[in-house]
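**Student:** Provided herewith is a single structure, encoded as structure tokens, for subsequent inquiry.
The values are calculated or read from the model by the stated rules, or taken from the named source; none is laboratory data. All of these numbers come straight from a predicted model, not from anything done at the bench. Cβ sites come from the backbone with ideal geometry, for glycine too, and all protein chains shown count toward neighbours. All accessible areas refer to the heavy atoms of the entire protein, side chains included, with ligands and DNA or RNA removed. Shrake-Rupley method; radii C 1.70, N 1.55, O 1.52, S 1.80 Å.
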Amino acid sequence: MTLSHEAATRFAQILSEALPYIRRFVGKTLVIKYGGNAMESDELKTGFARDIVMMKAVGINPVVVHGGGPQIGDLLKRLNIESNFIDGMRVTDSQTMDVVEMVLGGQVNKDIVNLINHHGGKAIGLTGKDAHLIRARKLQVTRQTPEMTKPEIIDIGQVGEVSSVNTELLNMLVRGDFIPVIAPIGVGEAGESYNINADLVAGKVAEALRAEKLMLLTNIAGLMDKQGKVLTGLSTTQVDELIADGTIYGGMLPKIRCALEAVQGGVTSAHIIDGRVPHAVMLEIFTDTGVGTLITNRSSS
């Protein structure tokens, strides 16, 4: 089968558009948070795997951090274990933590590794417990109402936050031409396991590696203004203003704060992109228009 003249011209234009981006990012590390809607269809999963393999093939170093909330919820339901959430975080007792480790460190992690390898990559699966990749501490959650004289501390179990990242292990894998695929499970000082939000892990991994980009796949077109238009080319100052005036609120706040912290911590840029778009990662990296919201420390991009 031969391409039509029109299709061949378009293909050549795409390659030509991608070339300066390939040159710019060769040898750079990109951290991609993968989860949610991007995991749902075979087409999207295959597209993601091929994007990651393509990045590695042209000399870019992808590091994948994945979630798996729906899969955890499904197994908990089948086991008749009730799921409870406080401020969007899953309350994680020891029984729930066992399920989290089983699903994230086993099923989901190995499915992603297998898919990337099937398409020609050299992926290797890790949890934060491997070589103490992600050191963690218990997350302190507080709540205060006007009637309270001091904040109430809420115990949500084995939910953690990142205290440090073992970059030596990740750099060794990247130098060996491997693609690290990380499940967001941390390890405490006494060897205890912690369930950590995948966005937060991706942000801290990106900071620790001094990554060129942090990419957070989500289920919306990007960060939107009050008229529903996707915003891009934002500085950290502009994002702070959008939070202050209420444009950014609710469930989007944790993701935006994660992106902000990463950029303020040394990551060149953070991207909030629509994981429902086929090949969203490739489109954001290698095209002039992109498919989401870009945040940098610069006043414009």
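**Student:** Can you work out which of the residues in region 116-145 that are part of a helix (DSSP H, G or I), open to solvent by 20 Å² or more (accessible area, probe 1.4 Å) and in contact (Cβ under 8 Å) with a residue 24 or more places away in the chain is nearest to residue 62 (Cα to Cα)?
**Tutor:** 118
**Student:** Can you tell me which residue within region 203-231, out of those that are touching a helix residue (DSSP H, G or I) at 6+ places or on another chain (Cβ under 9 Å) and β-branched (Val, Ile, Thr), is most open to solvent (accessible area, probe 1.4 Å)?
**Tutor:** 220
**Student:** Could you identify the single residue in 242, 200 that is assigned to a helix (DSSP H, G or I), in contact with a strand residue (DSSP E or B) (Cβ under 8 Å, 6 or more places away or on another chain) and open to solvent by 60 Å² or more (accessible area, probe 1.4 Å)?
**Tutor:** Matching residue, one of 242, 200: 200.
**Student:** Here are the criteria: (1) over 14 Å from residue 195 (Cβ atoms); (2) open to solvent by 40 Å² or more (accessible area, probe 1.4 Å); (3) within 18 Å of the chain's Cα centre (by Cα). Tell me which single one residue 88 does not satisfy.
**Tutor:** Residue 88 satisfies every listed condition except (1).
**Student:** Examine region 248-260 for a residue that is over 26 Å from residue 156 (Cβ atoms) and open to solvent by less than 30 Å² (accessible area, probe 1.4 Å), and state whether such a residue exists.
**Tutor:** Within region 248-260, not a single residue is over 26 Å from residue 156 (Cβ atoms) and open to solvent by less than 30 Å² (accessible area, probe 1.4 Å).
**Student:** Return the residue satisfying two criteria in turn: it lies in region 1-54 and is open to solvent by 40 Å² or more (accessible area, probe 1.4 Å) and closer than 23 Å to residue 259 by Cα, and of such residues it is modelled with the lowest pLDDT.
**Tutor:** 37
**Student:** Do we find that residue 205 is in the same structural domain as residue 87 (by the TED database), aliphatic (A, V, I, L, M) and part of a helix (DSSP H, G or I) in this structure?
**Tutor:** yes
**Student:** Say whether the condition of being assigned to a strand (DSSP E or B) and either in contact (Cβ under 8 Å) with a residue 12 or more places away in the chain or under 26 Å from residue 211 (Cβ atoms) (or both) is met by at least one residue in region 94-115.
**Tutor:** Within region 94-115 (the criterion being assigned to a strand (DSSP E or B) and either in contact (Cβ under 8 Å) with a residue 12 or more places away in the chain or under 26 Å from residue 211 (Cβ atoms) (or both)), the answer is no, since none of the residues qualifies.
**Student:** Can you tell me how many residues within region 39-80 are part of a loop (DSSP other than H, G, I, E, B) and closer than 12 Å to residue 103 by Cβ?
**Tutor:** Matching residues across region 39-80 total 3.
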